[in-house]
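Taking it in order: structure first as structure tokens, then the write-up.
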Amino acid sequence: MTLNNFLASKSGQAPLTGILYVLLLLVFLIIAVFVYELPPYLPLLLMISFSLFLVALLKPDFALAVLILSMLLSPEFMVGGISGRNVVFRYDDAMIFVIFFGWLARVAINKEINLLRPSYLNTPIILYIAICIFSSLLGALEGNVQLKQSFFYVTKYVEYYVLYFMVSNNLRSLRQTKMFTLVLVVTCLAVCVYAWAHMHSMARVSAPFEGESGEANTLAGYLLFMMSITLGLFLYEKRAKWQILYLGATAFMVPPFLFTLSRGTWLAFLPMSLVMMTLTRRGKGIIMVALFALFFLLPVLSPQAIKDRIAQTFISDESGAHQYDVLGKKFSLARSGVARVQTWGEAFQAWVKRPVLGYGVPASAIVDNQYARVVREVGTVGFCIYAWLMIRIFKAGRSSFRQTKGNDFAQGLSLGFLAGFIGLLFQAFSAETFILIRIMEPFWFVAAMVLVLPELPELSQLGAQSLT
């Protein structure tokens with residue numbers, strides 16, 4: 001008996017079952033708080049997790065929509081630390097696995113669902129996970145990394161790919177993709193409302209639940225990716241109402257993006273825009289006008305905080321500034337710039353000592369350079385697999401963009417994903433972009449949707465025509 005047949009046979013008992021379930025949860029909460037004196041949030045999280053498991057079992061689309069909402073709006077808890085950085089657990093970390101196990105239970109009941117959808121990314125993803133685990137175990141045996149922290153970091157890496165596999169296997173129609181995209185945009189706008197409210201009360205604006213110091217670079221990377229998505233959709237949308245909504249959403253993200261004061265991400269906006277101009281024939285004039293306005297008007301009209309941030313890049317009186325001599329010309333870098341330059345030297349020294357498999361995950365605390373981190377953690381072998389994965393992501397996204405020609409929504413989403421991906425690759429020179437959960441969860445969710453687009457019933461015929 002399939003899950004749908006089972007549910008149909010029990011449909012008359014649904015109201016009573018729902019009432020009993022809620023009563024049982026309330027009894028569990030009362031016992032946990034008043035009898036065992038547990039913190040109220042702990043049994044509440046367990047109740048939510050169990051409920052999500054059932055939702056994923058019965059209504060996986062709804063569970064994935066809830067997961068999207070939680071990506072930027074869930075609290076965090078510290079579960080350990082290494083020198084210079086805490087290991088942070090967010091509730092959406094748990095949600096991914098809860099929903100995944102609920103989906104696996106659905107797979108077990110409904111045998112018509114494939115466990116692993118064929119994908120251009122499956123092989124490099126599995127190989128990269130394997131090299132991370134092997135390198136970390138070796139590093140733990142040699143005392144280079146602590147096994148506890150390594151477990152949490154590798155688990156975080158794995159959960160992004162679990163999300164990709166789960167979403168790609170759950171997609172069956174273009175309607176699902178449109179619904180999930182809408183929830184992604186709505187969630188982003190909710191985050192922007194928070195950012196707007198705190199724009200003048202925080203030194204650098206960040207997303208909700210980011211702790212006392214905040215993570216401005218994380219919010220900047222997230223907004224860069226989401227602006228690319230909404231711009232891509234805007235360029236291919238023909239209905240005026242939706243054009244206004246997508247363009248308005250993009251404009252609403254710009255001030256929070258600027259007030260993150262993330263210079264590396266500001267620079268990444270340029271290659272993102274250039275990729276968008278290169279891949280599409282639509283709206284090139286709009287993009288060019290926007291870029292000219294950005295680079296010529298922003299220095300004049302931007303608030304003083306943004307002007308100061310730009311000026312501090314090469315001329316700084318702060319302690320830690322360092323002077324460099326390039327082609328006979330001397331210039332100074334601020335402390336953050338100096339740290340990023342030094343990162344390359346430290347990564348090279350680490351690579352010389354352990355060039356093949358690296359030191360294991362996590363090889364160090366804060367690196368602020370994704371590529372330097374990969375080299376230190378998994379060495380040459382892991383870096384080659386990682387580069388292979390990045391190349392395949394681009395090729396698969398470009399293939400989806402070409403094969404969906406004729407469907408405006410699919411092409412707009414594919415274009416936005418490709419341009420956003422390139423932007424994140426450039427941001428990764430100044431941040432650990434591809435391990436940051438609040439960037440990677442939306443990224444891998446959209447990646448799954450884009451790569452599955454040509455296989456959807458509504459678009460499969462378009463793909464066949466584009467190949468002839």
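The values are calculated or read from the model by the stated rules, or taken from the named source; none is laboratory data. Predicted, not measured: the structure shown is a model, and the values here were computed from it. As a convention, Cβ positions derive from the backbone with ideal geometry for all residues, glycine included, and neighbour counts pool all protein chains shown.
Somewhere in segment 174-182, is a residue crowded, with 20+ Cβ neighbours inside 10 Å, assigned to a helix (DSSP H, G or I), out of contact with any Lys or Arg (no Cβ under 8 Å at 6 or more places or on another chain) and of a type outside the set (A, V, I, L, M, F, W, C)? Looking for residues that are crowded, with 20+ Cβ neighbours inside 10 Å, assigned to a helix (DSSP H, G or I), out of contact with any Lys or Arg (no Cβ under 8 Å at 6 or more places or on another chain) and of a type outside the set (A, V, I, L, M, F, W, C), one finds at least one in segment 174-182, hence yes.
For segment 213-239, the set of residues classified as in contact with a Pro (Cβ under 8 Å, 6 or more places away or on another chain) and of a type in the set (A, V, I, L, M, F, W, C) consists of Leu219, Leu223, Phe225, Met226, listed by residue number.
Listed here are the residues, each with its yes/no results for (1) out of contact with any strand residue (DSSP E or B) (no Cβ under 8 Å at 6 or more places or on another chain); (2) hydrophobic (A, V, I, L, M, F, W, C); (3) surrounded by fewer than 22 Cβ atoms within 10 Å (Cβ to Cβ).
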site	(1), (2), (3)
Leu235	yes, yes, no
Lys238	yes, no, yes
Ala249	yes, yes, yes
Arg263	yes, no, yes
Met272	yes, yes, no
Gly283	yes, no, yes
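Taken over segment 349-372, the criterion of being out of contact with any helix residue (DSSP H, G or I) (no Cβ under 7 Å at 6 or more places or on another chain), farther than 25 Å from Leu451 by Cα and not hydrophobic (A, V, I, L, M, F, W, C) is satisfied by Gln349, Lys353.
State yes or no: is Arg402 surrounded by fewer than 21 Cβ atoms within 10 Å (Cβ to Cβ), of a type in the set (Lys, Arg), at pLDDT 95 or above and part of a helix (DSSP H, G or I)? In short, no.
Using the structure shown, decide if Met202 is within 22 Å of Glu432 (Cβ to Cβ) and either buried (at least 21 other Cβ atoms within 10 Å of the Cβ) or outside the structural domain of Val361 (by TED's automatic domain parsing) (or both). Taking the combined requirement at face value, the residue does not satisfy it. The lone criterion from (1) crowded, with 16+ Cβ neighbours inside 10 Å; (2) free of Cβ contacts under 8 Å to residues at least 60 places away in the same chain; (3) among the hydrophobic types (A, V, I, L, M, F, W, C) left unmet by Ala293 is number (1). Consider segment 115-133 and keep the residues that are touching a Lys or Arg at 6+ places or on another chain (Cβ under 6 Å) and not in a helix (DSSP H, G or I). The one that is surrounded by the fewest Cβ atoms within 10 Å (Cβ to Cβ) is Tyr120. Candidates Gln312, Gln349: the one that is modelled with pLDDT of 60 or more, crowded, with 18+ Cβ neighbours inside 10 Å and of a type in the set (S, T, N, Q) is Gln312. Residues in segment 361-369: is at least one touching a residue at least 12 places away in the same chain (Cβ under 8 Å) and in a helix (DSSP H, G or I)? Scanning segment 361-369 turns up no residue that is touching a residue at least 12 places away in the same chain (Cβ under 8 Å) and in a helix (DSSP H, G or I).
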